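Comments concern the structure below.
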Amino acid sequence: MRPNPAALASALFAIGVTGCDTAPSEQSVEPSPSPVEAEMITVEERIMEGTECPVLVTPDGARYALALGEADFGPGDYVRFTGPRAQASVCMEGEATLTPDYIESIDPPARDRDPARAGGIALDVAYVTGAWAAKGVDATCDRPDFEISESPGAIVIETRVNGTPETARVVLGDYPRIDWDDPLPDTPIEARGPDGLAVLRPATDAAYDSMEIAGHRIAGDGAVFVKCAG
């Protein structure tokens, strides 16, 4: 049988069209990595005069150089400071540099305003151990808000935090604090008045989730407790 020229031509044309319409295979393109964002932190502390530039030292010992730019603040001002934390220091001082995105003047806490109001007493084992109740007209030692006791190798607090029973280590020395288990932040403590113990909000980060100790909110100058007799 002789091939049909018209049919053969149609078949070849179809093959050609199909070949031309075939799109090249797509190549996957990896998206370029996004730049690493600087860590944003918020701190509340007094600005100090450094060797080459203003610095800020938190109660737990972190030292930051400040790139204040046009900000109308300087040494002596107690501020709330929010901004990126750069790893390099601009003036060879401090472990990092803070640049303000937002800065405002705030009232300093009691320990900064007036050492006498903060008790003027160095905390020791004898001062902190015992049962404590919140200071005020409703204070009762029938059901103390927390108890601090000395055990081998540690000083321990037993209380309720945000409604949950918690046990934590009490650290004395240069930076007295309650060392809660993660994710709870450490809370500084200080003598307050002749017989009080204040539990303060975390000093290194102003933007923290509010917490309550035995139903008492830890904010501002902190919650003050008095020791129960016995």
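Every read-out reported here was derived from the displayed coordinates using simple, explicitly stated rules and does not represent laboratory data. Since the model is a prediction, treat every value here as computed from it, not as a measurement. Neighbour counts are summed over all protein chains in view; Cβ atoms, including those assigned to glycine, are modelled from backbone coordinates with ideal geometry.
The table that follows gives values for the structure above.
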item: Neighbour-count ranking [beta-carbon atoms within 10 angstrom, fewest first] of Thr97, Thr167, Thr129, Thr187; result: Thr167, Thr129, Thr97, Thr187
item: Net charge of Cβ neighbours under 13 Å - reference Gly61; Lys, Arg +1; Asp, Glu -1; result: -3
item: Under-5 Å amide H pairs with Trp180, H placed in peptide plane, nonlocal only; result: Asp186, Thr187
item: Cys228 versus Thr51: modelled label distance in nm, points set 7 Å from Cα along the beta carbon direction; result: 5.2 nm
item: Gained length - Arg143 relative to Glu95, 0.36 nm times residue gap less alpha-carbon distance; result: 12.8 nm
item: Listed residue (Ala223, Val170, Phe146) projecting farthest to the positive dipole end of region 112-227, Cβ model; result: Ala223
item: Size of region 39-106 as Cα extents on the principal axes (Å, biggest first); result: 27, 27, 25
